[in-house]
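S.K.: Here it is, the structure, as structure tokens.
The values are calculated or read from the model by the stated rules, or taken from the named source; none is laboratory data. Treat the numbers as computed from the prediction; the structure is a model and nothing was measured. With ideal geometry, Cβ positions are generated from the backbone for all residues, glycine too; neighbour counts draw on all protein chains shown. What goes into the accessible areas is simple: the full protein's heavy atoms, side chains included, and nothing from ligands, DNA or RNA. Shrake-Rupley method; radii C 1.70, N 1.55, O 1.52, S 1.80 Å.
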Amino acid sequence: MPDVTFRISTGSAEQNEEKTYRVPVAEGWVVLDAVHYIQAHEAPDLAVRWNCKAAKCGSCSAEVNGKPKLMCKTRLDDFADGEEIVVYPLKTFPRIKDLVTDVSWNYEVAKKIKPFTPAKDTKWSMDQRDMDRVQEFRKCIECFLCQDVCHVLRNHDKKPEFAGPRSFVRIANLEMHPLDTASRLDFLKNEGGLGYCNITKCCTEVCPEDIHITDNAIIPLKERLVDEYYDPIAKLFKVFSGK
Amino acid sequence: METFEKHEHDVLVIGAGGAGLRAAIEAKAQGVNVGLVCKSLLGKAHTVMAEGGVAAAMGNVDPQDNWQVHFKDTMAGGKMMNNWRMAQLHAQQAPERVLELEKWGALFDRTPSGTILQRAFGGHTCKRLAHVGDRTGLEIIRTLQERAVEAQVPVYMECTVTHLLRAGDRVCGALAYWRSNGKFVVFTAKSIILATGGVGKSFRITSNSWEYTSDGLGMAYALGAELIDMEFVQFHPTGMVWPPGVKGLLVTEAVRGEGGRLTNNKGERFMERYDPKRMELSTRDQVARAIYTEVKEGRGSEHGGVFLDVTHLDGESVKKKLPSMYHQFKDLADVDITKQPMEVGPTTHYMMGGLRVDAETTATTIPGLFAAGEVAGGMHGGNRLGGNSLSDLLVFGRLAGIHAAEFSRQNKQGITPPDVEIQAATRQMLEPFDRKEGASPYEIHDELQDVMQNLVGIMRIEEDIKTALTKLEGLKQRLKTVRVTGSRIYNPGWHLAYDLRNLLNTSEAIARSALAREESRGAHTRLDHPKLSPEWEKITHVIQKDGDGMNLSQMPKPQMPPELAKLFEESH
């Protein structure tokens with residue numbers, strides 16, 4: 001196979017530049033293989049975050065030719081012959097060095113979400129049909145590509161007021177868990193900023209686990225929010241019943 | 001002189017995979033102050049890659065299952081090398097641990113009656129593995145991660161521990177660095193739990209992530225802890241073999257559990273010749289050797305593997321039961337597993353050996369130091385059954401949490417790590433930056449992987465192992481001249497230079513133990529000693545640091561009490 005040219009964004013948040021490398025590639029290689037090759041042969045301190053190289057851990061998120069991708073799943077033979085491959089870190093999060101960004105904000109948001117809360121006398125019996133719906137959300141590998149691509153975070157930097165698609169997937173998982181008793185609607189309305197999402201489905205498009213984030217998580221949560229806070233008939237009922 | 005960020009905890013847990021998280025949750029529940037330090041982001045640890053399921057004798061599908069049957073299967077699978085008490089505790093406590101996960105939000109696949117579904121796996125005589133499709137590890141790590149967050153356990157992410165610190169004979173802290181900026185951190189603790197996993201990165205072809213650099217084994221060894229059973233490295237029979245970029249990537253045993261068939265290039269179901277009774281669901285050591293033999297004798301696939309076939313099963317059901325495998329092959333190898341067979345071959349997967357621990361408490365031979373999960377030895381003997389690792393993490397993670405907390409309560413008087421130890425450790429860490437020339441850490445690692453893969457791999461012979469030991473010594477000398485360039489900020493070359501120290505020590509431990517065991521048992525196969533020997537069944541190898549050298553000794557294996565031994569007589 002012919003050599004491939006890589007342009008990799010290196011440096012810190014303040015000072016960074018693209019560096020060009022020629023990489024002799026082997027059949028079946030993915031972008032992460034090439035980054036490892038560059039580390040071993042040309043730039044031993046080139047920073048990249050990765051763990052499993054099997055699309056299971058969600059660590060090696062980056063922007064490859066402008067698209068948010070897992071580097072371990074992006075095959076080199078998917079690019080045209082002679083096409084340069086340009087790798088940048090996630091734009092939505094502050095860069096630490098080279099391809100590594102500080103994604104700790106996502107973990108801070110996770111702390112604010114009310115955990116699974118079963119009833120005291122729960123009978124631990126569940127139907128597979130209920131599982132099928134919720135297990136989709138449990139597939140999330142926390143790669144944060146959805147957070148990266150979401151314009152509310154990426155372009156408007158609403159981080160303090162908007163929890164982002166990953167958090168909504170997590171909340172949908174808990175809200176639709178057949179044995180959960182808590183409500184997270186208050187969080188979604190106030191702190192989580194669900195209303196900022198205008199369902200452009202960018203998150204769904206980049207999800208490497210094919211979770212239907214918009215259709216199956218965000219829209220049902222929006223409906224629940226409307227039912228709870230904005231349904232005029234329910235409001236009337238509340239006024240008259242005094243509830 | 002550099003000043004250090006300092007943190008103090010009653011119990012410090014190192015490693016945030018299944019065992020570390022479960023230990024931290026338990027220690028916290030015991031009411032002590034716990035800190036959890038991990039070298040990756042939370043939730044990325046190797047547990048996330050576990051696929052097929054967690055073994056627990058709940059009897060939801062096969063009602064005749066119980067802890068005795070699970071215990072027997074585990075011991076038989078381990079070729080009787082297991083620490084019987086660990087295997088017993090594991091079999092007894094696993095069901096409770098799995099049910100507990102459900103109470104913390106885990107969502108396992110269900111039986112028609114609404115209980116947790118269990119699937120067949122190699123070496124398990126009952127359908128025993130609770131699972132979520134083929135992504136059980138992700139479910140478990142996410143559940144534990146969320147529980148630890150709920151319990152407000154402080155987590156130090158992307159912080160690599162490099163040295164355990166000691167005062168007198170007791171462990172009292174650890175030195176670490178932040179990956180993000182390279183600055184050192186000193187942790188002080190009354191007790192420490194190691195949950196740092198295995199050694200896979202010593203080998204070229206492995207299913208393990210970069211994290212598997214034997215940190216815990218290496219650090220505890222440096223302190224004088226004992227390592228046992230290090231010759232027993234599991235080669236999982238089914239890793240991907242093509243394309244080269246994904247060589248070694250795991251193909252879950254659940255493929256065979258769900259009915260997948262192994263065939264050679266003549267279309268023969270070759271397991272008929274190796275284990276006609278259990279066929280594809282034989283134990284991993286036997287299937288791995290069978291595949292190796294088929295390939296070696298010219299009956300392999302185009303790319304040096306054999307075929308694993310699920311095309312006779314209903315395509316939709318395959319996609320539902322094995323979704324990750326379906327996507328893995330489709331995305332990475334252009335193979336639609338519902339229509340074409342997979343190509344698979346053995347891949348380094350798991351370290352059965354590890355730190356010698358007390359079965360009841362998980363205490364190592366160093367006071368205050370505990371170990372749980374893959375870093376601990378004994379539980380799986382000569383060969384681990386699939387699914388027994390996830391349950392091991394939960395059972396012994398919890399026990400480690402309980403007993404490390406108890407130790408910290410009984411030793412309230414904390415000890416401060418001596419400054420001279422900290423200074424010596426940091427000097428050692430920074431030396432590679434000072435060299436103007438020297439070996440590249442990547443080159444040393446590359447050569448190490450070749451040595452272990454080719455000379456101490458799935459089939460071993462005296463001459464090869466001796467060559468490996470000579471080469472390892474050479475690599476150790478080169479490591480003394482290793483040179484790192486760049487800054488301390490997120491510098492993978494520097495990180496690897498440190499990892500190599502542990503990788504080389506544990507690789508040597510593997511080679512020495514493999515050379516000494518002159519028989520073939522479980523995952524350890526000696527071409528020059530092909531038979532299982534009853535004498536060797538009584539002997540455990542112990543590795544310990546001895547000055548600058550490594551000492552290997554023999555220890556009689558603990559014998560099980562008559563009431564348990566009887567279980568095995570009945571089966572004959």
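S.K.: Take the alpha carbon atoms of the range B:535-560, find their center, do the same for the range B:183-201, and report the distance between the two centers in whole angstrom.
M.R.: So the separation of the two Cα centres works out to 24 Å.
S.K.: Counting alpha carbon pairs within less than 8 Å and at least 6 residues apart, what relative contact order, in whole percent, applies to the range B:126-277?
M.R.: For the range B:126-277, the relative contact order is 12 percent.
S.K.: A further question on this structure: Can you give the helix-only mean residue ellipticity at 222 nm for chain A, where every DSSP H stretch with n ≥ 4 adds -39500 (n - 2.57) and the sum goes over all residues, rounded to the nearest 500 deg cm²/dmol?
M.R.: When only DSSP H runs of four or more count, the value is -8500 deg cm²/dmol.
S.K.: Given an 8 Å cut-off on Cα distances and at least 6 residues of separation, report the relative contact order of chain B as a percent.
M.R.: Across chain B, relative contact order equals 21 percent.
S.K.: Separate question: Roughly how big is the B-A contact, given as buried accessible area in Å² (both sides, 1.4 Å probe, nearest 100)?
M.R.: Buried area between the two chains comes out at roughly 4500 Å².
S.K.: Relative contact order of the range B:415-493, please, whole-number percent, based on alpha carbon pairs below 8 angstrom and at least 6 residues apart.
M.R.: It rounds to 45 percent for the range B:415-493.
S.K.: Within the range B:276-345, how many Lys pairs that are eight or more residues apart, or on different chains, come under 17 Å at the alpha-carbon?
M.R.: Going through the range B:276-345 pair by pair, I get 7.
S.K.: Run the 1.4 Å probe and let me know the accessible area of A:C150, rounded to the nearest 10 Å².
M.R.: Accessible area, nearest 10 Å²: 20 Å².
S.K.: Still on this structure, I have one more. Given the DSSP H assignment, sum -39500 (n - 2.57) over each helix run of at least 4 residues in chain B and divide by its residue total; what's the result at 222 nm in deg cm²/dmol, nearest 500?
M.R.: Mean residue ellipticity at 222 nm (helix-derived): -11500 deg cm²/dmol.
S.K.: Any idea of the accessible area per residue across the range B:3-60, 1.4 Å probe, to the nearest Å²?
M.R.: Heavy-atom SASA per residue in the range B:3-60 reads 24 Å².
S.K.: Residues of the range A:39-62 with backbone nitrogen within less than 17 Å of a virtual label 7 Å along the Cα-to-Cβ line of B:E447, please, listed as ranges.
M.R.: Backbone N within reach: A:40-41.
S.K.: If you count, for every residue in A:29-41, the Cβ atoms of partner chains within 10 Å of its Cβ, what is the mean?
M.R.: 3
S.K.: Here is a further query. Give the calculated FRET efficiency between A:E228 and A:A13 to the nearest 0.05, with a Förster radius of 41 Å applied to their Cβ-Cβ distance.
M.R.: It comes out at approximately 0.55.
S.K.: What FRET efficiency would be calculated for the residue pair B:D546, A:D102, taking the C-beta separation as r and a Förster radius of 51 Å, to the nearest 0.05?
M.R.: 0.70
S.K.: Which parts of the range B:441-461, residue by residue, lose 10 Å² or more of accessible area when the rest of the protein chains are there, as against the chain isolated (1.4 Å probe)?
M.R.: Flagged in the range B:441-461: B:Y442.
S.K.: Ok, one more. Decide, for the range B:1-56, between rounded, prolate and oblate: order the square roots of the alpha carbon gyration tensor eigenvalues as a ≥ b ≥ c, take rounded if a/c falls under 1.5, and otherwise choose prolate if a/b is larger than b/c, else oblate.
M.R.: It is oblate, given that a/c is not under 1.5 and a/b is not larger than b/c.
S.K.: Please go through the range B:265-326 and write out the trypsin sites (Lys or Arg not before Pro) that DSSP classes as loop and that have at most 11 other C-beta atoms within 10 Å.
M.R.: Those that pass, being in a loop and sparsely packed, are B:K266, B:K277.
S.K.: Of B:M279, B:A333, B:I25, whose Cα points farthest to the positive end of the dipole of chain B (charges on the beta-carbon: +1 Lys, Arg; -1 Asp, Glu; origin at the Cα centre)?
M.R.: B:I25
S.K.: Rounded to the nearest Å, what's the spacing between the alpha carbon centres of the range B:31-55 and the range A:214-243? Just the number, please.
M.R.: About 38 Å separates the Cα centre of the range B:31-55 from the one of the range A:214-243.
S.K.: At 7 Å along Cα-to-Cβ for each site, give me the label-to-label distance between A:W124 and B:R269 in nm.
M.R.: If labels sit at A:W124 and B:R269, their model points lie 3.6 nm apart.
S.K.: Further question on the same structure: For the range B:335-395, state which GluC sites (Glu not before Pro) are in a DSSP loop and have at most 14 other beta carbons lying within 10 Å of their beta carbon.
M.R.: B:E360
S.K.: How many nm separate the modelled label positions at B:A424 and A:A182, each set 7 Å beyond the Cα in the direction of the Cβ?
M.R.: Label-label distance for B:A424 and A:A182, simple model: 4.8 nm.
S.K.: What average count of beta carbons from other chains do you get within 10 Å of the Cβ of residues in B:45-57?
M.R.: Whole-number average of other-chain Cβ neighbours for B:45-57 is 2.
S.K.: May I pose another question? Please give the charge dipole size of chain B, origin at the Cα centre, charges +1 on K and R Cβ atoms and -1 on D and E Cβ atoms. Round to the nearest 20 debye.
M.R.: 300 debye
S.K.: Still on this structure: Testing the spin-label approximation: label points 7 Å from Cα along Cα→Cβ at B:E537 and B:T361. State their distance in nm.
M.R.: 3.2 nm
S.K.: Something else about it: What is the percent carbon and sulfur in the accessible area of the protein assembly as shown, measuring with a 1.4 Å probe over the protein chains and ignoring ligands?
M.R.: Its accessible area is 50 percent carbon and sulfur atoms.
S.K.: Okay, next question. Take each uninterrupted DSSP H stretch in chain B, measure its Cα extent along the helix axis, and return the ones at 20 Å or beyond whose mean Kyte-Doolittle hydropathy is at least 0.5.
M.R.: Span-like helices, by this rule, are absent here.
S.K.: Calculated FRET efficiency, B:S487 and B:E569, Cβ-Cβ r, R0 56 Å, to nearest 0.05?
M.R.: Efficiency, rounded to the nearest 0.05: 0.30.
S.K.: Using a 10 Å cut-off on Cβ to Cβ distances, tally the other chain neighbours for every residue of B:486-497 and report the average as a whole number.
M.R.: The shielding value for this peptide is 5.
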